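Here is the structure we will look at, set down as structure tokens.
The values are calculated or read from the model by the stated rules, or taken from the named source; none is laboratory data. In this text the structure is predicted, and so the values were computed from the model without any measurement. Backbone-built Cβ (ideal geometry, glycine too); neighbour counts: all protein chains shown.
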Amino acid sequence: MPDPTEPLDPADATRPDGAVAEPDAAAAEPADADALPPERVSPRSVVLSFGMLATAALLSGLVLLPVPYVVTSPGPTRDVLGEYDGRPIIEVAGATTYESTGELRLTTVRATGGPGYPTNALAVLQAWFARSSNVQPREDLYPEQESRQQVEQQNQAQMVSSQENATVAALTELGYEVPATMVVAGAVEGTHAEGVVEKGDVILAIDGTRLTTYNDLVETLAEVEPGATITLTVTRNGAEKDLRVETGERDDGTALIGVYIDPTFEMPVDVTITAEDIGGPSAGTMFALGIVDKLTPQDEADGVDIAGTGTIDVTGAVGPIGGIRQKLAGARRDGATWFLAPEANCGEVVGAVPAGLHVTRIATLHEAREAIEAIGAGRTDDLPTCTAG
């Protein structure tokens, strides 16, 4: 007797009278399916199929072709107090160093689409829909004929300069005197220094005030009214010479001599920074903070993971950088809970801070140092942040 839970095949069904029911002709299966003649394919179907395949192949090829855009996304972060490839990122000789329980992370941006690093339409489309990525026309970032080698050389030169600036700024912040030889690299076109100073002149004094450090130059010039004529004492061909130079005015309202200076510094402490695979100047502030942390007994960060960015000059001024939104995302991704943002980047920070990340703005190395001390001590209520408007 058939299992009542199993459906009966129509061919096995019986009528109440015991007669065998005839299966529906439309539902009946032929005894040999292979015996059916093959269905004819119309020429129109063939053409349509090949057309669709060709279109799909063409579209696939198009999305993979290089396009003139640059895609930026969060790059890796690195604790400047830690190691890279088994070597400390910051090494100090000639002074006592101290351990830290916190982290000070430099942040980076990964970019494709520049010279030697092409990107394609698919990557651009994906970046447009990614909150932490950005797309820009290539010509906005790179000169038309610039090569990959030129970009890498420029980035490496900026990194070397950034490391030197960070070292000078950090040591000055800690009270060291960093003597500098200030060599004139040339006069700024359109200023009164043209035709007065010469390339190779070494600046010794302004209005009789001797200049030992670069900060001496900055501080002395800050006392000069823009437009005033100063006496610039230099050495030229081994002899001292007094030059009369009418000053100009900087954007910030301070006096401008109108010369390019290529300083050489005499470091009182030997600092080595290893960051061979990172280019550009934007890690300067974090390098400087790392040097300060290593040379002070205070555990400034005190167990907190702090990230940040910003260029730095020898006076300790923190400057703006590119890719701040990508750096915020990368910092939070790697575990940072605080971020030091250059004041000049605050407009880009607002509305782009990931959940769980706190931002404080900084304009100088001294402010950055005070910020990490406050964060480490848990005194963060009064730290300034970036606000709209």
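Which numbered condition trips up T285, out of (1) at pLDDT 95 or above; (2) farther than 30 Å from D79 by Cβ?
(2)
Any idea how many residues of segment 227-279 are acidic (D, E) and in contact with a His (Cβ under 9 Å, 6 or more places away or on another chain)?
We begin by selecting, within segment 227-279, every residue acidic (D, E); these are 240, 242, 246, 249, 251-252, 262, 266, 270, 276-277.
Next cut, in contact with a His (Cβ under 9 Å, 6 or more places away or on another chain) only: 246.
Qualifying residue count, segment 227-279: 1.
Identify, by number, the condition in (1) in contact (Cβ under 8 Å) with a residue 60 or more places away in the chain; (2) in contact with a Lys or Arg (Cβ under 9 Å, 6 or more places away or on another chain) that I321 doesn't meet.
(1)
Which of the residues belonging to segment 214-225 are closer than 14 Å to G253 by Cβ and crowded, with 17+ Cβ neighbours inside 10 Å?
Residues satisfying the conditions are L221, V224.
Find all pairs meeting these conditions: Cβ atoms under 8 angstrom apart; at least six residues apart or on different chains; first residue within segment 70-90 and without any contact (Cβ under 8 Å) to a residue 12 or more places away in the chain; second residue crowded, with 17+ Cβ neighbours inside 10 Å.
Here the result reads E83/I89, each pair linking segment 70-90 to a residue that is crowded, with 17+ Cβ neighbours inside 10 Å.
I'd like to know if segment 303-311 contains one or more residues that are surrounded by fewer than 24 Cβ atoms within 10 Å (Cβ to Cβ), modelled with pLDDT of 95 or more and in a loop (DSSP other than H, G, I, E, B).
Quick first cut of segment 303-311, residues surrounded by fewer than 24 Cβ atoms within 10 Å (Cβ to Cβ) only: 303-305, 311.
From what's left, modelled with pLDDT of 95 or more: 303-305, 311.
If we keep only those that are in a loop (DSSP other than H, G, I, E, B) too, we end up with 303-304.
Scanning segment 303-311, I find at least one residue that is surrounded by fewer than 24 Cβ atoms within 10 Å (Cβ to Cβ), modelled with pLDDT of 95 or more and in a loop (DSSP other than H, G, I, E, B), so the answer is yes.
Looking at D277, is it among the acidic types (D, E), surrounded by fewer than 19 Cβ atoms within 10 Å (Cβ to Cβ), assigned to a loop (DSSP other than H, G, I, E, B) and out of contact with any helix residue (DSSP H, G or I) (no Cβ under 7 Å at 6 or more places or on another chain)?
In short, yes.
Taking segment 171-207 as the search range and keeping residues that are touching a strand residue (DSSP E or B) at 6+ places or on another chain (Cβ under 7 Å) and small (G, A, S), which one is surrounded by the most Cβ atoms within 10 Å (Cβ to Cβ)?
This residue is A193.
Whether any residue in segment 226-248 is of a type outside the set (S, T, N, Q), touching a Pro at 6+ places or on another chain (Cβ under 9 Å) and surrounded by fewer than 18 Cβ atoms within 10 Å (Cβ to Cβ) is what I want to check. Reasoning before the result, please.
As a first pass, look at segment 226-248 and keep what is of a type outside the set (S, T, N, Q): 226-228, 230, 232, 234, 236, 238-246, 248.
If we keep only those that are touching a Pro at 6+ places or on another chain (Cβ under 9 Å) too, we end up with 248.
Within this subset, residues satisfying the condition of being surrounded by fewer than 18 Cβ atoms within 10 Å (Cβ to Cβ) are 248.
Yes, segment 226-248 contains at least one residue that is of a type outside the set (S, T, N, Q), touching a Pro at 6+ places or on another chain (Cβ under 9 Å) and surrounded by fewer than 18 Cβ atoms within 10 Å (Cβ to Cβ).
Look through segment 336-348, keep the residues that are in contact with a helix residue (DSSP H, G or I) (Cβ under 6 Å, 6 or more places away or on another chain) and closer than 16 Å to S282 by Cβ, and return whichever of them is surrounded by the fewest Cβ atoms within 10 Å (Cβ to Cβ). Full working, then the answer.
Within segment 336-348, the subset in contact with a helix residue (DSSP H, G or I) (Cβ under 6 Å, 6 or more places away or on another chain) is 338-341, 345, 348.
Of the ones still in play, those that are also closer than 16 Å to S282 by Cβ are 339-341, 345, 348.
Working: F339: 26, L340: 28, A341: 26, N345: 23, E348: 18.
Here the answer is E348.
Considering only residues that are without any contact (Cβ under 8 Å) to a residue 40 or more places away in the chain and surrounded by 13 or more Cβ atoms within 10 Å (Cβ to Cβ), which ones fall in segment 128-153?
Answer for segment 128-153, where residues must be without any contact (Cβ under 8 Å) to a residue 40 or more places away in the chain and surrounded by 13 or more Cβ atoms within 10 Å (Cβ to Cβ): E146, Q150, V151.
Could you check A95 against (1) aliphatic (A, V, I, L, M); (2) modelled with pLDDT of 95 or more; (3) closer than 27 Å to I321 by Cβ; (4) in a loop (DSSP other than H, G, I, E, B) and say which number it fails?
With (1) aliphatic (A, V, I, L, M); (2) modelled with pLDDT of 95 or more; (3) closer than 27 Å to I321 by Cβ; (4) in a loop (DSSP other than H, G, I, E, B) applied to A95, the lone miss is (3).
Identify the residue in segment 271-328 that is of a type in the set (D, E, K, R) and under 11 Å from the mean Cα position of the chain (by Cα) and, among all such residues, is nearest to T108 (Cα to Cα).
Let us first name the residues in segment 271-328 that are of a type in the set (D, E, K, R), namely 276-277, 293-294, 299-300, 302, 305, 313, 325, 327.
Then keep just the ones that are under 11 Å from the mean Cα position of the chain (by Cα); that gives 325, 327.
Numbers: R325: 11, K327: 6 Å.
Of everything passing the filter in segment 271-328, K327 is nearest to T108 (Cα to Cα).
Considering only segment 318-341, state which residues are part of a helix (DSSP H, G or I), out of contact with any Phe, Trp or Tyr (no Cβ under 7 Å at 6 or more places or on another chain) and within 21 Å of T364 (Cα to Cα). Show your work before the answer.
Within segment 318-341, the subset part of a helix (DSSP H, G or I) is 324-333.
Among the residues that remain, those that are also out of contact with any Phe, Trp or Tyr (no Cβ under 7 Å at 6 or more places or on another chain) are: 324-327, 329-330, 332-333.
Selection gives I324, R325, K327.
Under 9 Å between Cβ atoms, which residue pairs at least 6 apart in sequence (or on different chains) link something in segment 170-198 that is free of Cβ contacts under 8 Å to residues at least 40 places away in the same chain and assigned to a loop (DSSP other than H, G, I, E, B) with a partner that is among the polar types (S, T, N, Q) and surrounded by fewer than 19 Cβ atoms within 10 Å (Cβ to Cβ)?
So the pair list comes out empty.
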